[in-house]
1. Ignoring ligands and nucleic acids, what accessible area does Arg38 show with a 1.4 Å probe (Å², nearest 10)?
2. How would you order 207-214, 91-98 from highest to lowest mean count of nearby Cβ atoms within 10 Å?
3. Assuming R0 = 45 Å, can you tell me the calculated FRET efficiency for the pair Ser303 and Glu338, based on Cβ-Cβ distance, to the nearest 0.05?
4. Using unit Cβ charges (K, R positive; D, E negative) and no other charged atoms, how large, in debye to the nearest 20, is the dipole of the range 254-377 about its Cα centre?
5. Give, to the nearest whole percent, the P(r) tail of the range 1-149 beyond 23 angstrom, counting all Cα pairs.
6. Sorting Glu100, Glu325, Glu318, Glu108 by accessible area (1.4 Å probe), largest first, what list results?
7. Can you pull the one-decimal nm distance between simple spin-label points at Glu108 and Ser349, each 7 Å off the Cα toward Cβ?
8. Where Rh denotes the Kirkwood radius from the mean inverse Cα pair distance, what is Rg over Rh for the chain?
Amino acid sequence: MIDQPLNELPLAQIVVIDLSRMLPGAVLARQLLDLGARVIKVEAPDGGDPMRQVPPHRGGVGAAFAALYPGAESVALDLRNEAGAEKLRRMAAAADVLVETFRPGTMEGWGIGSHTLCRLNPSLVYCSMSSWGTGPVGRNRVGHDLNFQAATGALELVNRGGVPALQLADVGAALLAGTAITAALLRRERTGRGAVIDQPLLSGTVPMLAWAWADHAAGGGVLDTLLSGCWPCYRRYRCGDDLEIAVSTIEPKFWLSFLDLLGLSEHAAAGADAGEDGTAAAASISAALALRPREHWLELFESSGLPISAVHDLVTAERDPALAEAGLAGVVHTPDGETLSALGPFIPSLGRTPCTPAPRLDEHRLPLPGAAPEPNG
């Protein structure tokens, strides 16, 4: 990762007003913070973003909040009354980006919707991350990540019969919103015009489903073979110490080398077989791997240049040097001065993890965007 000065980061001088709550807006904010934007988080005075209270806590704040909002500022405003709404209008008039996650129509009811704010500031990029979109079918529906995964078909592919531990739709929508915002800012450089973006959380799993959707539309095949773990060349295997490896030897050269190292070359034709031959090959591979611990096999396979890796849990993933070496893992500071292991920046070649901690609620005096923040106290 290149350690760039703050003023050379891609979004330096870009001011973002963040009205979001919970994970989608937080992931989006972290992207923008990493890339150098000034993010002013506007929170309700009575507790602020609920992520602040979600356990476990570190340094007086929820760990997820600390990990996703380093370097942000916090201003408490009650947007439901005119005084708070007027302060927000003044802030938005001088900002570059505004992000909100309210139900469609909520901001309009408070007199601070996209039409009002973009009329005050025609260069504003206004991004709404509603649940189901602003159309007549979805605008009055509510939902959470599990609902969006279920609605798009992702849930059945990711965790058949269960509930996934990853919030794929929330995070996916945040990443898409980040792309949309940066594209709108680029267009603004050419035209001077802002944009109104609706990036519903329902959209979050759509890129992840692109291949699956096309496969289904064309009559199926890949989902029930390669991506189902039925092919012996592309699946999880357990080693002699009961630890797992992920084998993705799809290319014939890798598959043949893998078999050769195990002394199982007789299964060369079964790599992409989901029938009896494939089942027999997988059984032979499992029996061979059970003879030695995982570390032995990883050293052998990695020295041979094979696409085989350990199946980590979060404890072992944190110890893997690959994430840190790629610039994807480090630490953030908490409001009380502690440090917390955290992933990020998400785009290490262009960004950096802010060195200041996530803010306490209403830590900063109400700043007009463009002015230096002034801490309360």
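1. Here the accessible area works out near 40 Å².
2. 91-98, 207-214
3. Result of the calculation: an efficiency of 0.70.
4. Around 400 debye, computed over the range 254-377.
5. Details: 4313 of 11026 pairs.
Beyond 23 Å sits 39 percent of the P(r) for the range 1-149.
6. On the way: Glu100 10, Glu325 160, Glu318 125, Glu108 90 Å².
Sorted by accessible area, descending: Glu325, Glu318, Glu108, Glu100.
7. 4.2 nm
8. Working: Rg = 24.3 Å, Rh = 23.2 Å.
Rg/Rh for the chain comes to 1.05.
The values are calculated or read from the model by the stated rules, or taken from the named source; none is laboratory data. Remember, it's a predicted structure, so these values are computed and weren't measured experimentally. We place every Cβ from the backbone using ideal geometry, glycine too, and count neighbours over all the protein chains shown. For accessibility, only protein heavy atoms count, side chains too; no ligands or nucleic acids. Shrake-Rupley method; radii C 1.70, N 1.55, O 1.52, S 1.80 Å.
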